[in-house]
Every structure is written in structure tokens, then in C-alpha cells.
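Taking it in order: structure first as C-alpha cells, then the write-up.
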Amino acid sequence: MGISNWFFSPRPVEQEVQTTEQPVRTYDFSVSKRELQLEKTRKTAVGTKDVQISQKISGTEILEGEKETWKNFCLELRDRGYAILKVGKDCFEASEELEKVSKEFFSLPIEQKELSSDPDRNNIGFVSIPGTREYIKLRPSDPISLWPQQPENFTSTFNKFFQEYSKISFACFEALASFIDEMNPNRLPLLKPQDTEAIREFISGKSSISVIRYFIHDLESATVCSEHKDTGILTFIVRTKFPSLEIWDKSLEQYVKIEELSELGDLIVFLGEKVPLFSGSKTFCATPHRVIMGGGKERISIAFLLDVAK
């Protein structure tokens, strides 16, 4: 089985049914009544900053494979739906440089920015959503025609960011895969040691970076990006200078203003929709999030999207 087919082969959720004889395994892909109720609750949930984050996770220890740190990271994802990473100087500098060069790109005339649009795909290259935001989303493997020619250092800056964040993102994936495998020792492993490098290369080729510019508005508060779940494996958001991201906290059953709980340079990590697909675990479900922004300021958001999209 190829790596692509392996990733997209669903691993059903296993349940134990007790009988007088041997346990029988059944499979359940249905949406629970609890999840349906939470969908209704989320529509009226109020964001709050009165939340205590149990811990911030060391990105350095994640990279070094510290098992206790890996476990704590996965417990945060399991219990809350997100985790906050403290990253090193190299990651922080790469994000600062990408923000700077992206601002230069967004300041160009719309006709010049649209040269990086893809007419056949509406979610790659440069995309403008009138009245709320514009963004550029790229993978290193995308055609050269999509890459901005101005500013001149855009491509090199983008690739530097990708290299730094692909390291931490794949280490987080390794931690999550290891944790899920330990939870389900009798099922097909997510990540065998001998497959690690091949899977790293596969994921690296499918992952992308999205830089989003949210336009200035004059309202007291506005939803500039409505509630949604990302479709990938893990999303990594660089904490911005204009906190506006709200994320659903599973343990509290309410939205939290996550960027007000973190510091500049922190990395906010949450789950995408492919985790339950290939893990077969409802314990790790995609995390709803939204952007509710105050007026008077522009927001630049940088996201690394770890994915295996075809």
C-alpha cells in the first residue's frame, strides 16, 4: 500500500462489546448526541480570557523527543483541543521575517498580487475575499508561476519559514502518532520507525503556509472569519501582534481568547479533521475556531498547515 493510500484508509473506531464469550469488536462512525449538542452550544458561546492554561509546552523538548513533553503535549490536545508551544529563537525570527515580507506583498496593487492567483484552484496562491481579508497560501512544490516576484526576497523568506516550522510540526506529528499508537496497541501503527523518513518527506510535500491579512474595520467587534474546522492534520498559528483568534476549549465547553493567554512568538497548535480519519479515535477531534477582531487595526496571521491533501 502506498503512503498516500495508507493515510487515506480510515481506521474505524473500535468499541468493546461485552458478552459471555470473547469480546466482539464493532465499529462506529456516527456523530454522537453530545457532539450535536456542542455544535448548538458553540453558536452562542462567549469568548473569555478567564482561563488558566495548565502548561506551555517546550518546542525544544518536542524536537528533542522528550517523552514526558510529548505526552503532555498530546494530553493538552486530547483534553482541550489545542496546545501552546514555546518555540526557539530561529522559529521566532523566521516568523518575524515572513510577516515583514508579506506586508510588503499585500501593499502591492491588486493587479500585481493577482498574478499569483490560480484560476483553477480557489484556495491556493493569492486569494481575496472582499471586505474581510486576503491571503496567500503556498507549498514549496507549487508552480513557480504562483510565487510572487515582488518583493524579491519573498520566496527565500517563505522557504526559510517552511524549513523551520516543518521541523517542529513533524515532531508534533510524531508525538501525536506515538501517543495514539500507545492507546491502541492492537491496531495498525500510525508511524513505524522504519517509515518515519518516507512519511516525513510525504507530509512535507503536502503541507502549506498561509499568510492572511485581515482588513482594518471601524466596528467595535466583527467576525472576520466565522467558526470552522481545518481539514488537515495539525494547524500551527503564530501568535499575532493583534490578538483576535478564539478557539473552542473542549474541557471548558466554551471559546477562549487563546492569543490573550499566550505571548508574542508562541505557537498555537490545534487538531484538524484528518486526525480522527486516520487514527480511528474520536478522542482527538477537529478543533473549532474563529477570528473576532476589534476595529482600528490590521491583523497579519501566519499559519503552517500540516496536511496530506491530495
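See the values below:
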item	result
Under 5 Å, built H, 5+ apart or other chain: amide partners of L245	E259
Per residue accessible area in Å² of region 232-288, where ligands, DNA and RNA are left out and the probe is 1.4 Å	26 Å²
Simple label model, 7 Å out from Cα along Cβ direction - N122 to T60, nm	4.6 nm
Amide proton proximity set for L234, modelled H, under 5 Å, gap of 5+	G272, L306
Restraint check, K167/K297; K206/K297; K56/K103; K56/K160; K100/K137; K103/K257, Cα-Cα greater than 27 Å	K167/K297; K206/K297; K56/K103
Share of carbon and sulfur in the accessible heavy-atom surface of region 157-310 [1.4 Å probe, %]	50 percent
Calculated FRET efficiency for the pair K160/D181, C-beta based, R₀ 45 Å, to 0.05	0.90
In range of the label at D90: residues from region 152-180 whose backbone nitrogen is under 11 Å from the point 7 Å along Cα→Cβ	163-168
GluC sites (Glu not before Pro) within region 258-310, DSSP loop, no more than 12 other Cβ atoms inside 10 Å	E263
From phi via Karplus (6.51, -1.76, 1.60), per-residue ³J(HN,Hα) for region 274-286 in Hz, x at Gly/Pro	7, 4, x, 5, 9, 9, x, 10, 6, 4, 10, 10, 4
Assigned charges on the beta-carbon of Lys, Arg, Asp, Glu; region 77-229 dipole about Cα centre (debye)	360 debye
Dipole of region 220-310 [Lys/Arg +1, Asp/Glu -1 at C-beta], most positive-end residue of Q254, S221, I302	I302
Using θ = phi - 60° and Karplus 6.51 cos²θ - 1.76 cosθ + 1.60, couplings along region 97-111 (whole Hz; Gly, Pro as x)	5, 5, 4, 4, 6, 5, 4, 5, 5, 5, 7, 6, x, 4, 4
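The values are calculated or read from the model by the stated rules, or taken from the named source; none is laboratory data. This one's a predicted model, so the numbers in the text were calculated from it and none came from an experiment. Backbone-built Cβ (ideal geometry, glycine too); neighbour counts: all protein chains shown. The accessibility values were calculated without ligands, DNA or RNA, using every heavy atom of the protein model including side chains. Shrake-Rupley method; radii C 1.70, N 1.55, O 1.52, S 1.80 Å.
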